[in-house]
Amino acid sequence: MLGKVSVGALMLESPDVVSLVYEATSQIPKGMVSTYGDIAKALGDVRASRAVGEILSKNPTPIVVPCHRVVYSDGKVGWYSGKGKNSDKKITLLESEGVEIKNGSIENFSSVRFAEFNIPNVLKQLRDEQEEIREHVVEEDDFGVLRHVVGLDVSYIGERSFGVAAVYSLENNELVEIKKVECSVRFPYIPTYLSYREAPVLSKLIDVKDAIYLVDGHGLLHPRAGIASHLGVLCNVPTIGAAKSLLYGHVESPESNRSEITIDGKISGIALKEGRSATYVSVGHRVSLNTATELCIRFLCHGIPLPLRTAHNEATLARKRAT
DNA sequence: GCGACAG
DNA sequence: ATCTTGTCGC
Ligand SMILES: [Mg+2]
């Protein structure tokens, strides 16, 4: 990796959310229940509730880690995995612990609902780090002679992540090189915390000095700072965010092929449309929105910048070959 | 009852 | 993102 590491380094040692979910679940007393969202809130953000559900669906030690005590926020018991969609086992377990259930819903839900978890508020820490990164973002062209545009993307098999860099020449717009790296990930996908899942593997691919990096994901089109900004600030390289769907911000002219996107009235991104597909461009780091947009347009191919398409295809290939 | 919150 | 299916809030 290029440059010194200081701001944004929490990403390199992401908190063990998986273990924290199991720890929280183990804190639910017998005879009580909690919800996926309550555990997510204890982690620091209700947006993590789906991730909590996914993690518990893969609980390697049912009963020991009592995931049967985690139910929907409306009081419905929900599924008990293991094998097939089934809630019978979950209901039986809960009733044996003294929890009353009627028509698949918890009786006296509010009085048996446990939420006093004692786990660290890790997502708050990550948000704080993202805010700090945001303050370090340079929103103007800040580079010497650029010779390459590098598309970055990731694919997965369970906890294995495959990162790909597709290096394109700015002299002739042609593919120069493809770099690949594999590493293991435990951090789940949580909306607005994508960096902590994908940036570790991608940071290993940042070693071309005369390049600007095109990242699959947002930069400043984010409530704090997206993965493109995170990688840019962490590695001190120019980066552009380019995503296929919008996370945050208001599209000013939805009909236009090139629309401004504003956040609190500030122009923070550009939506590029070509046929059915769209690319949402934003500043990652050390680039102006204009330059970022022009570079994306220059490589735009069927609605997506070619370096990203190639990186995506190669990442998918790497995953299939690893299977 | 349905849409959402990058990948 | 993957290839199975998870929650929340309007
Ligand atoms: Mg991707």
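The values are calculated or read from the model by the stated rules, or taken from the named source; none is laboratory data. Everything quoted here is computed from the prediction, not taken from an experiment. With ideal geometry, Cβ positions are generated from the backbone for all residues, glycine too; neighbour counts draw on all protein chains shown.
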Completion exercise
Among strands (runs of 3 or more DSSP E) entirely within segment A:216-323, at least 1 residues that are crowded, with 22+ Cβ neighbours inside 10 Å and either of a type in the set (Gly, Ala, Ser) or within 16 Å of the ligand (Cβ to nearest atom) (or both) occur in A:239-243, A:266-274, A:277-285
Completion exercise
Selection from segment A:228-267 of residues within 23 Å of the chain's Cα centre (by Cα) and of a type in the set (Lys, Arg) yields A:244
Problem - Positions within segment A:231-260 being more than 26 Å from residue A:206 (Cβ to Cβ) and aliphatic (A, V, I, L, M), in sequence order - result: A:251
Practice task
Give the residues of segment A:42-87 that are closer than 19 Å to residue A:110 by Cα, modelled with pLDDT of 90 or more and hydrophobic (A, V, I, L, M, F, W, C), sorted by residue number.
Solution key: A:42, A:46, A:67, A:70, A:71
Completion exercise
Selection over segment A:95-115 where residues are without any contact (Cβ under 8 Å) to a residue 24 or more places away in the chain and not in a helix (DSSP H, G or I) yields a count of 5
Exercise for the section: Please work out if residue A:98 is within 16 Å of DNA strand C (Cβ to nearest atom) and at positive phi. Expected result: no
Fill in the blank from the handout: Being touching a strand residue (DSSP E or B) at 6+ places or on another chain (Cβ under 6 Å) and not basic (Lys, Arg) narrows A:187, A:162 down to just A:162
Practice task
Would you check if there is a residue in segment A:170-180 being within 16 Å of DNA strand C (Cβ to nearest atom) and under 18 Å from residue A:323 (Cβ atoms)?
Solution key: yes
Problem - Hey, residue A:194 within 12 Å of DNA strand C (Cβ to nearest atom) and within 21 Å of residue A:136 (Cβ to Cβ) or not - result: yes
